[in-house]
1. Of the residues Arg377, Arg389, Arg403, Arg366, which is at negative phi and in contact with a Ser or Thr (Cβ under 7 Å, 6 or more places away or on another chain)?
2. Within segment 257-267, does at least one residue satisfy the condition of being in contact with a helix residue (DSSP H, G or I) (Cβ under 7 Å, 6 or more places away or on another chain) and crowded, with 19+ Cβ neighbours inside 10 Å?
3. Please work out which residue is surrounded by the fewest Cβ atoms within 10 Å (Cβ to Cβ), limiting yourself to segment 401-419 and to residues that are in contact with a Pro (Cβ under 8 Å, 6 or more places away or on another chain) and farther than 18 Å from Arg366 by Cβ.
4. So which residues in segment 389-421 are in contact with a helix residue (DSSP H, G or I) (Cβ under 6 Å, 6 or more places away or on another chain) and not hydrophobic (A, V, I, L, M, F, W, C), if there are any at all?
5. Go through segment 14-36 and give me each residue that's more than 15 Å from Leu180 (Cα to Cα) and buried (at least 17 other Cβ atoms within 10 Å of the Cβ).
6. Residues Met218, Met214: which one is of a type outside the set (Ser, Thr, Tyr), crowded, with 23+ Cβ neighbours inside 10 Å and part of a helix (DSSP H, G or I)?
7. Residue under question is Glu298, and the condition is that it be farther than 22 Å from Ser149 by Cα and within 25 Å of the chain's Cα centre (by Cα); does it hold?
8. Would you check which residues across segment 375-400 are of a type in the set (Ser, Thr, Tyr) and surrounded by 14 or more Cβ atoms within 10 Å (Cβ to Cβ) and list them?
Amino acid sequence: MVPFRWPSAWSEPALLRLLAGSPINCLLLESLSGAKAVVDAARAAGFSALEWSELGAAPLAQVRWDSPAPQTVITGLVWPRIKMSAHGLGDVDAGPTGAPWIDSNSWVARLAAARAPHRPIWLGFELGNDHTIAGSASYIIAIADSAASGAQWMVTLDDSLREGLPAGNAHALKTWHSTLDALAFFEKHRQWAAWDRWGSIGILSSFAGKDEFMGQEMLNLAARRNLLYRVLDRSFPASCKLEALPAVLYLDGDPPSAELNAQLAVFARSGGLIIVPRALAALFQGEKTVPCAVAGYELRSFGRGSVAAATRDWEDPYFLAADVHNLVGRRNDPVTLFNAASLWRHYSVNPDDRAALLQLVSFASRPDESVSVAPARPFRSAAMYTIGRDAPVSLEPVKVEGRMELHLPAFSFYTALEVRS
């Protein structure tokens, strides 16, 4: 289903015309009995209508992962955007490296998928008082940030659209039609959501209790650094799939279960890298110490693999994310991007079809005009998909300094690159 939060002020069933021909097929209402005329007309037109209180919607920390509900509904999230500085003047907030500070819900969607892999994930967020007036760009980015993570945004209108659409306001209608085009694009390519999320590292934690802050912030900040990862939740053993990963980061201070410990040992002996906190430095002794280029870690050989044990406590997840990326090495990144400071990347593979998908969400206000992509593995074809274009654009590789690069045509807000080997 494609959900839409029906504004409580919209009491006229005639406003269903705004959804005609769109992918939206599910209305979420505060009260079904209080909007009986709208509900009856919607159901007669083929829409589903659900009452908000029956969804089991909750903030991430309160979600019931064992719920029998047909979907996981998470609320209290951020509107995806480049965060503007409190000083105003059009400045953006920046992290310690000076890169733009981007709000995104992708890490929440990835964690939810690891905990409830067979249920659709619906994300709830809306514009706050600190946002500028929304337009087409804001809504397209909101949809793309959710969909590229395998989730669905419960489309929620800001005040200007809630008031402007019934009145036929031209600006509101333009924004609305762009929003529906973005929804239609992702519905057309819904199969991408089922592809396997892949990364150069598995982040292993319970992501809850005393491990909640470090675990969840690591997911968030690794995404901000464009460190591609797979979520491994040790409280949900089915999610702990180590196959094809170059490295695993074990975040928690208490040791893994005997079964998981054995699984990690096999992983390292087979050639993988395990990164462990100082408290667990003695858990995987290894055979001999080898030079480590990253300060604050002792590197030990372990079969055909190795163990990197921290020699100091982990306190700041931002700098931990930097350490981890340096320990794993850029050589293990499945793709290398150039001129992509405001882009968030999502990488997935379809092993059955020998295909890989790189989705790029752009948070910039201007088109991205000089982005280049260098896939790590050989490929025979590459196709670029953008919102609003009916057919993909075939790309020809260019050899640059001994590597094959794909130079992307200019795009705004979102693009997907499908490469086949």
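1. Values: Arg389 fails: in contact with a Ser or Thr (Cβ under 7 Å, 6 or more places away or on another chain); Arg403 fails: in contact with a Ser or Thr (Cβ under 7 Å, 6 or more places away or on another chain); Arg366 fails: in contact with a Ser or Thr (Cβ under 7 Å, 6 or more places away or on another chain).
Only one candidate qualifies: Arg377.
2. Taking segment 257-267 and keeping what is in contact with a helix residue (DSSP H, G or I) (Cβ under 7 Å, 6 or more places away or on another chain), we get none.
No, the conditions are met nowhere in segment 257-267.
3. As a first pass, look at segment 401-419 and keep what is in contact with a Pro (Cβ under 8 Å, 6 or more places away or on another chain): 404-406, 410-412, 418-419.
Narrowing the set further to residues that are farther than 18 Å from Arg366 by Cβ leaves 404-406, 418-419.
On the way: Met404: 14, Glu405: 17, Leu406: 20, Glu418: 21, Val419: 24.
Restricting to residues being in contact with a Pro (Cβ under 8 Å, 6 or more places away or on another chain) and farther than 18 Å from Arg366 by Cβ, the top hit is Met404.
4. Taking segment 389-421 as the starting set, the residues that turn out to be in contact with a helix residue (DSSP H, G or I) (Cβ under 6 Å, 6 or more places away or on another chain) are 413-414.
Once the filter is applied, which keeps residues that are in contact with a helix residue (DSSP H, G or I) (Cβ under 6 Å, 6 or more places away or on another chain) and not hydrophobic (A, V, I, L, M, F, W, C), segment 389-421 yields only Tyr414.
5. Within segment 14-36, Leu28, Leu29, Leu32, Ala35 meet the criteria.
6. Numbers: Met214 fails: crowded, with 23+ Cβ neighbours inside 10 Å.
Unique residue meeting the criteria: Met218.
7. Numbers: farther than 22 Å from Ser149 by Cα: yes; within 25 Å of the chain's Cα centre (by Cα): no.
For Glu298, the condition - farther than 22 Å from Ser149 by Cα and within 25 Å of the chain's Cα centre (by Cα) - is not met.
8. Initial filter on segment 375-400 (of a type in the set (Ser, Thr, Tyr)): 381, 385-386, 394.
The answer is Tyr385, Thr386.
The values are calculated or read from the model by the stated rules, or taken from the named source; none is laboratory data. None of these values were measured; they are calculated from a predicted model. Neighbour counts run over all protein chains shown; Cβ positions are idealised from the backbone, glycine included.
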